[in-house]
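The values are calculated or read from the model by the stated rules, or taken from the named source; none is laboratory data. It should be emphasised that the depicted structure is a prediction, and the values quoted were computed from it without experimental measurement. For neighbour counting, all protein chains shown are included, and Cβ atoms are generated from backbone atoms with ideal geometry for every residue, glycine included. Ligands, DNA and RNA are excluded from the accessible area calculation, which covers all protein heavy atoms including side chains. Shrake-Rupley method; radii C 1.70, N 1.55, O 1.52, S 1.80 Å.
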Amino acid sequence: MTATTDTQAIMAGDASLTAGDTTGGSSTSVDFSISLSQLFVRLVKNKLFGFLTFGIYRFWGKTHVRRIMWHGTSIGGDRLEYMGTAKELFIGFLIAMVILMPIMLIAGLIVDFMTAAGAESLAIGQVLNLVFLYTFWQFARYRLWRYRLSRTSWRGIRFFLAGSAFKYAINVLLWTIVSLITLGWGYPLLQAYKLNYRLNNTCFGDGEFRYHGTVKGLYRIYWPAILIAQIIIGGTVAFLYGNDALDVSMESGVAIDQGQLQFDEQSMILFGIGGLIIFMTMSILSFAVKVWEFRYLAEQTTFLNASFSSILSVRSVLMIFILLIVLGLIGYVGFGALIILVLKYQTEAAIFVFVLAFFISYLAFDILKMLFLIVPLVRAVCHSLTIYNFEVFEHTAANAENSPKYGEGFADAMDVGAF
Amino acid sequence: MITSLARFFDGKTAKPHSVLLELTETTLQVKNDTGDMLGYWPYEVLRDQNAGKGRDEVSLSVGAGDHARIIVSDTVFINELEKKCPDLRKRRPTSAGWWKPYAYWGGGAALSLIVLFAFVLPFLSLQIARWVPDDIRADIGAETQEFFVKSIAKREKIPPETAICMSGDGQKHLDTLISNLAAGLPEELPEVEVTVLKTKGANAFALPGGRLLVFSGLIDLADSPNGLAGVLAHELAHAHHRHPTQLIVSNAGIATVFSLLLGDVSGGTFLATMGQMAVGSAYSRDYEREADETGIELMRAAQYDISPMIPLMQTMAKKNEVNETGVLSLVNTHPGTEERVTLLEEAGTRGGPALSPEEWSAVKAICK
């Protein structure tokens, strides 16, 4: 016996609408909250069943994880719904197998032969293989987004991604070549293309998202990073070269191979410090740039009258990674201790324990990555978002656009995407 | 009467509607604010679309293809609804013929896998092996030999130059022996060359292009020159049929297919390796059978007695049983020893010795 609650409370989803009022329209936030224990149990099950079924279970496992993640996300109080099924994924995979196996087989054989036939053709073969895989990977990613968006619904209305995956992949390849030739200065052009194509093709029901960002805007974000990266790499190489720590002649590689040439200790230390500086700076820079880019794209995107903003901070993203690195270090130390113990006792039991620990940590890696990296990142991104003029979404009608029948086969075969 | 207010999305627009729900005997009645009846949602098809259990909210739907949703967050009402509708959180019953796409595409994938492994890959590897020009095969052979020499030198802890045995006249006699055997082949090989490597293992390999590698352990093990000659004839037959090149091609193909099939499953690499070994050894068994037959023909053509190969092979099989080297060994991938012995016994004892006693002792001393 109930039904005494008033309409106001039932419309709880809309309660936040009136809270933050800007520019006359209503604004709302995006929430992300899931049960970590539920997700953990699910991930463990996925690992076990996946192993027992030679990987076939992964389609069912993935679908369960996505349902948890999607349903944990709510916009204006209404949850996203993941409508994809494992069957679609599995059959998409089978179709991809039928199509992909011959293609990959021939590509693999060609590269293999170039590898075997000598150093020159090896280089050509490797480059061709890389170009092929890179392009195909972009293609698969686009199709993956399309499938996921088409299986994402909010308030009973589905998202969709229009456009051509093939066209996207070819253009990304071209812009990637441009940014490689220009030593990184073309990278904002590549990003501009990607954001433009992806966002302008994203639809919700019969409404289309629009991206208004400019190449200039991206350069404003990227130029310091590109410059700093070049200075650091150039500087470090010059420094190491000046200290004879790095002999860049071709012969040195051969000499090292044959054990004729060895780095002295001091050079090794310099080399290590140089590497560490490069690695740290580049990591922090890439996080920062990605965060700024995300905020830029949020600000530059509109949906009819609605606009977006994000207050994602570099610090919050860095903290997630630092926590992960600390966890990783603890894991390494524990593993090191275990190796020492095994070496000390060298009994069969110790070796068994070691193998078992290795196996468990192998299984645990993906689970930890999900729980400590992906979930916190998704949470941070969701919580940083604000949507203005939210009420325009209410006027969106469903679209009759065809959605893909089976999903993600290529992406799955290529191992694209985190979950 | 059990009722609750709820939010209704009609699946046509994203606009929320406030509705009044009422539980009747077999259906959920949905009325709008003003009391007009919007519809009856039968319990038997009613399902909760939410993923998390224990949530105090349900998202009701009446069909997989139906996008209309009713969101209820009244826990008392949800409890009552669960009683009326026990299937609320169960899976929707599968439609008739649900298995068809699985069967068609699964069958298609399985069929293409079988066709691939049974016909396409062997055919392709044979064609590629034939198509690859002699100089490239010779290059691959030379590279592989260099790799072998290097890794054996590393294992035996000796400089690479001394890993190749060249003492005395042994090499000369081996060269003569191999050219006598090669004379029986219908076509000339680009590079017939025997190299003896100083290592304890009893093994011999054919490399692309016609190079043969013999481990000194095999020479130590052989009691008669004809046993060694039989092994060389077998390896020469591999080279003639371009088996090494075919093996490289088919292994690359198998590896590609398995890595695609297994995706990112934990232990996928392990499973892929197992699968590769299973399929790969099936191929190599075919190659071995072919090489055995041609090897016998070569021995016959050179008028060498092949019967001393029988005890040598049996010793090698026994040795390899005990001392599993882990690398691709001559015996592992070969057809069963008994089967091969039968084949050799059928070949009889015609012919004479492959080397004179003096020549044989020179070969025996090649690594000294």
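Among the residues of region A:189-212, the ones that are within 14 Å of another protein chain (Cβ to nearest Cβ) and open to solvent by less than 50 Å² (accessible area, probe 1.4 Å) come to 4 in all.
Collect the residues in region A:79-102 that are part of a helix (DSSP H, G or I), open to solvent by less than 20 Å² (accessible area, probe 1.4 Å) and touching a residue at least 24 places away in the same chain (Cβ under 8 Å), keeping them in residue-number order.
Looking only at region A:79-102, we keep the residues that are part of a helix (DSSP H, G or I), and these are A:86-102.
Still in the running and open to solvent by less than 20 Å² (accessible area, probe 1.4 Å): A:86, A:89, A:91-94, A:96-97, A:100-101.
Scanning region A:79-102 gives A:Ala86, A:Leu89, A:Ile91, A:Gly92, A:Phe93, A:Leu94, A:Ala96, A:Met97, A:Leu100.
State whether the residues of region A:163-177 include one that is modelled with pLDDT under 90 and under 16 Å from A:Phe209 (Cβ atoms). Yes: one or more hits. Each residue in region A:39-48 was checked for being open to solvent by 40 Å² or more (accessible area, probe 1.4 Å) and within 10 Å of another protein chain (Cβ to nearest Cβ), and 1 pass. Answer yes if at least one residue in region B:212-222 is crowded, with 17+ Cβ neighbours inside 10 Å and over 33 Å from the mean Cα position of the chain (by Cα), and no otherwise. For region B:212-222, residues crowded, with 17+ Cβ neighbours inside 10 Å and over 33 Å from the mean Cα position of the chain (by Cα): present.
B:Gly168 passes every criterion in (1) more than 26 Å from the chain's Cα centre (by Cα); (2) more than 9 Å from every other protein chain (Cβ to nearest Cβ); (3) open to solvent by 70 Å² or more (accessible area, probe 1.4 Å) apart from (3).
So that you can scan it fast, the table gives a plain yes or no per residue for (1) within 13 Å of chain A (Cβ to nearest Cβ); (2) open to solvent by less than 30 Å² (accessible area, probe 1.4 Å):
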site: B:Trp98; (1), (2): yes, no
site: B:Ala103; (1), (2): yes, no
site: B:Ala109; (1), (2): yes, yes
site: B:Phe123; (1), (2): yes, no
site: B:Asp134; (1), (2): yes, no
site: B:Phe148; (1), (2): no, no
site: B:Glu156; (1), (2): no, no
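Is there a residue being out of contact with any strand residue (DSSP E or B) (no Cβ under 6 Å at 6 or more places or on another chain), crowded, with 18+ Cβ neighbours inside 10 Å, within 14 Å of chain A (Cβ to nearest Cβ) and over 21 Å from B:Arg242 (Cα atoms) anywhere in region B:173-190? Scanning region B:173-190 turns up no residue that is out of contact with any strand residue (DSSP E or B) (no Cβ under 6 Å at 6 or more places or on another chain), crowded, with 18+ Cβ neighbours inside 10 Å, within 14 Å of chain A (Cβ to nearest Cβ) and over 21 Å from B:Arg242 (Cα atoms).
Across region B:308-321, a minimum of one residue is classified as farther than 18 Å from B:Leu181 by Cβ, surrounded by fewer than 19 Cβ atoms within 10 Å (Cβ to Cβ), at pLDDT below 80 and more than 26 Å from the chain's Cα centre (by Cα). Inspect all residues belonging to region A:69-76 and state whether any of them is at the interface with another protein chain (Cβ under 7 Å from one of its Cβ atoms), closer than 13 Å to A:Thr152 by Cα, of a type outside the set (Phe, Trp, Tyr) and open to solvent by 40 Å² or more (accessible area, probe 1.4 Å). No - not one qualifying residue is present in region A:69-76. Checking the stated criteria, A:Ile322 turns out to be more than 14 Å from chain B (Cβ to nearest Cβ), closer than 30 Å to A:Ser74 by Cβ and at pLDDT 80 or above.
A single entry from B:Ile114, B:Ile128 fulfils the requirement of being at negative phi and at pLDDT below 80: B:Ile128.
For the structure I just gave you, tell me whether A:Ala298 is of a type outside the set (Lys, Arg) and either under 30 Å from the mean Cα position of the chain (by Cα) or not in a helix (DSSP H, G or I) (or both). It would help to see each step written out before you state the result.
Details: of a type outside the set (Lys, Arg): yes; either under 30 Å from the mean Cα position of the chain (by Cα) or not in a helix (DSSP H, G or I) (or both): yes.
So A:Ala298 passes the test.
Of the residues A:Val326, A:Val289, A:Val342, the single one that is assigned to a helix (DSSP H, G or I) and touching a residue at least 40 places away in the same chain (Cβ under 8 Å) is A:Val289.
Just so you know, in region A:117-157 the residues that are aliphatic (A, V, I, L, M) and either at pLDDT 85 or above or open to solvent by less than 20 Å² (accessible area, probe 1.4 Å) (or both) include one that is farthest from B:Phe9 (Cα to Cα), and it is A:Val131.
Residue by residue, here is whether (1) at the interface with chain A (Cβ under 7 Å from one of its Cβ atoms); (2) under 30 Å from A:Trp60 (Cα atoms); (3) modelled with pLDDT of 65 or more holds:
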site	(1), (2), (3)
B:Arg242	no, no, yes
B:Ile248	yes, no, yes
B:Asn251	no, no, yes
B:Thr256	yes, yes, yes
B:Ser259	no, yes, yes
B:Val265	yes, yes, no
B:Gly268	yes, yes, no
B:Val279	no, yes, yes
B:Ser284	no, no, yes
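Based on what the data block shows, is B:Ala96 in the same structural domain as B:His241 (by TED's automatic domain parsing) and among the hydrophobic types (A, V, I, L, M, F, W, C)? Spell out the reasoning first.
Values: in the same structural domain as B:His241 (by TED's automatic domain parsing): no; among the hydrophobic types (A, V, I, L, M, F, W, C): yes.
Criteria not met by B:Ala96.
Only one of the listed residues (B:Arg69, B:Arg89) is in the same structural domain as B:Arg7 (by TED's automatic domain parsing), among the basic types (Lys, Arg) and at negative phi. That residue is B:Arg69. Taken together, the residues in region A:40-78 that are touching a residue at least 24 places away in the same chain (Cβ under 8 Å) and not in a helix (DSSP H, G or I) amount to 8. With the requirement that a residue be open to solvent by 20 Å² or more (accessible area, probe 1.4 Å) and touching a Leu at 6+ places or on another chain (Cβ under 8 Å), what does region A:160-188 give you? Hits for region A:160-188 are A:Phe160, A:Trp175, A:Thr176, A:Val178.
Scanning region B:161-171 turns up no residue that is in contact (Cβ under 8 Å) with a residue 24 or more places away in the chain, charged (D, E, K, R) and in contact with a Pro (Cβ under 6 Å, 6 or more places away or on another chain). Quick test of your reading of the structure: B:Asp169 fulfils all but one of (1) modelled with pLDDT of 80 or more; (2) not assigned by TED's automatic domain parsing to the domain that holds B:Leu247. Name the failing condition by number. Result: B:Asp169 fails condition (2) only.
In region B:46-67, what count of residues is obtained for those that are of a type in the set (A, V, I, L, M), touching a residue at least 12 places away in the same chain (Cβ under 8 Å) and open to solvent by 10 Å² or more (accessible area, probe 1.4 Å)? Give the steps one after another, and end with the answer.
Let us first name the residues in region B:46-67 that are of a type in the set (A, V, I, L, M), namely B:46, B:51, B:58, B:60, B:62, B:64.
Those left that are additionally touching a residue at least 12 places away in the same chain (Cβ under 8 Å): B:46, B:58, B:60, B:62, B:64.
Now narrow it down to the ones that are open to solvent by 10 Å² or more (accessible area, probe 1.4 Å): B:62, B:64.
Counting residues in region B:46-67 that are of a type in the set (A, V, I, L, M), touching a residue at least 12 places away in the same chain (Cβ under 8 Å) and open to solvent by 10 Å² or more (accessible area, probe 1.4 Å) gives 2.
Regarding region B:51-64, can at least one residue be identified that is within 18 Å of A:Gln38 (Cα to Cα), of a type in the set (A, V, I, L, M) and more than 8 Å from chain A (Cβ to nearest Cβ)? Within region B:51-64 (the criterion being within 18 Å of A:Gln38 (Cα to Cα), of a type in the set (A, V, I, L, M) and more than 8 Å from chain A (Cβ to nearest Cβ)), the answer is yes, since at least one residue qualifies.
Can you tell me which residue is nearest to the other protein chains (Cβ to nearest Cβ) among those in region B:74-90 that are in contact (Cβ under 8 Å) with a residue 24 or more places away in the chain and in a loop (DSSP other than H, G, I, E, B)? Across region B:74-90, the extreme among qualifying residues is B:Asp74.
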